[in-house]
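The values are calculated or read from the model by the stated rules, or taken from the named source; none is laboratory data. As the structure is a computational prediction, the values presented were derived from the model and not from experiment. When we count neighbours, we look across all protein chains shown, and the Cβ atoms used for this are built from the backbone with ideal geometry, even at glycine. What goes into the accessible areas is simple: the full protein's heavy atoms, side chains included, and nothing from ligands, DNA or RNA. Shrake-Rupley method; radii C 1.70, N 1.55, O 1.52, S 1.80 Å.
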Amino acid sequence: MHDDGRYDDLRVTGSGGNSPGPVSRETNYREWTVNEPRDPSASYQPAETPPSGAVRPVSSAPANVPPARDPLDPADGPANAPTPRPPAVRANAAVPARFEPQPPVSAVPHQAAPEAAVAPSDTPQASGYGDEADGSTYVSRETPTREEDDPPLAMEAMRAVQILNPSGEVTMPRPDRTRVMCVANQKGGVGKTTTTVNLAVALALHGNRVLVVDLDPQGNASTGLNVPHHTGVPDVYDCLIDSVPLEEVAQAVEGIPNLWCVPATIDLAGAEIELVSVVARESRLARAIAAYPGHFDYVFIDCPPSLGLLTVNALVAAQEVLIPIQCEYYALEGLNQLINNINLVRQHLNPKLEVSTILLTMYDRRTRLADAVEQDVRNHFGDKVLQAVIPRNVRVSEAPSYGQSVMTYDPGSRGATSYFEAAQEIAERGVKEPVSRNA
């Protein structure tokens, strides 16, 4: 055979005088002709390249391949006549291999490995992509397990059902006596009102009777619980100044069973000035709560961001102080002064008062500052810091604009889940470590 673009092989060109001469490499094959249009719908298989060391088997042509057309035989028809094409073969169909690779020859004689050296494998070995051994399904190592295969929406729905507790069967531990908790911090914007509202809703949804006293003239706790607090509505100001009974101003929260709220109006802004000349001004709120005829499991008092007479009234009426601390440096700066004021109230007005709970709020896990503040607070207060940490979550900020808490606005969010865990931890701590409470 010459490499000049022509084949002189007698098997191709024929022999004798009837030979048409050497055949060029551009000559039409028996599978197609120049004048025949190519069918675009047919699937053509590229020729396989024999690997190194492969030996081409000497065998007859497959049965489904038509014999070669003789251009000089009248029985075969003209040379340009279309030849029936074999049916197209799909790409994933089994095609007989043209070349059978032979195993490489190694210089070292092959020795069979002992059976003990071969460790059994739990994963079924597949011969190739899409081939399964013993009829079992091949599973990749990246495939999640059955426990990790729950979609995010399903997990969120499970959390929502756990928090809303529509059946009412799941309950949190109820204390033996009323726990009056004052939510205080002289720094504003640390989450006092948000913490008060969401903890109260979480406890009320799980079988506890809860009362929220809004002692902030801004009235944000009343807004979060969708309780009317416009001018003319009986509020906590009437209790402090005019000695109105607390049950006359308390309102039931719509949609939340076992939850009541004492609203605050703008009139409360002048209460500190009017309380200056009142006898026993520091204990006005304590007497109003003690005279309430009903029984509550929890009483949360939302304090203003100051250390005035309103906050002092709350500290005197409570037995426990819950301090929300924002995970920033400014929140730590004024914490020392708050602790000093609490100690003064304990020494002179309320010896039963103690700081029982510290809650970290607005935690941003992307910053090192939040982690540093958390470590400092835990090192200083120890077990008083709740394990639950409230992250920054937009759902928590959106809920008050709809007159709801985050527990009912988006119960599957991270903020609702964190406050639910904090409420559950507070309830369990009250049962395990009881403190002195009023009847």
Rounded to the nearest Å, what's the spacing between the alpha carbon centres of the stretch 167-221 and the stretch 378-431? Just the number, please.
-> 11
So how do 257-266, 323-332, 154-163 stack up, highest first, on mean other-Cβ count within 10 Å?
-> 257-266, 323-332, 154-163
Quick one: what Rg and Dmax do you get for the stretch 339-400 from the alpha carbons, in Å?
-> 15.1, 43
When only Cα pairs under 8 Å and 6 or more residues apart are kept, what is the percent relative contact order across the stretch 208-333?
-> 33
Take each of the peptides 292-299, 198-205, 362-369, average the number of other beta-carbon atoms within 10 Å over its residues, and list them starting from the highest.
-> 198-205, 292-299, 362-369
Using modelled backbone amide H atoms (1.01 Å from N, in-plane), which distant-in-sequence or interchain residues come within less than 5 Å of VAL180's amide H?
-> VAL299, GLN319, GLU320, ASN438
If amide H atoms are modeled at 1.01 Å from N in the peptide plane, then the residues at a separation of 5 or more from THR357, or on another chain, having amide H under 5 Å from its own are VAL321, ILE323
5 angstrom amide H check on VAL244, placed H, neighbours 5+ away = CYS239
At a 1.4 Å probe, what is the % contribution of carbon and sulfur to the accessible area of the stretch 244-330?
-> 57
Short to long, in 10 Å steps from zero, the percent of alpha-carbon pairs of the stretch 205-330 per bin is 13, 46, 33, 8, 0
Once you have the alpha carbon radius of gyration of the stretch 155-198, what is it after dividing by 2.2 N^0.38 Å, with N set to its residue count?
-> 1.62
Interatomic Cα distance distribution for the stretch 268-405, bins of 5 angstrom, percent = 2, 8, 16, 18, 18, 17, 12, 7, 3, 1, 0
Step through the residues of the stretch 345-351 one at a time and calculate ³J(HN,Hα) from phi using the Karplus curve (6.51 cos²θ - 1.76 cosθ + 1.60, θ = phi - 60°), rounding each to whole Hz and writing x for Gly and Pro.
-> 5, 5, 6, 10, 10, 9, x
Which order do peptides 174-181, 232-239 fall in by mean Cβ count within 10 Å, highest first?
-> 232-239, 174-181
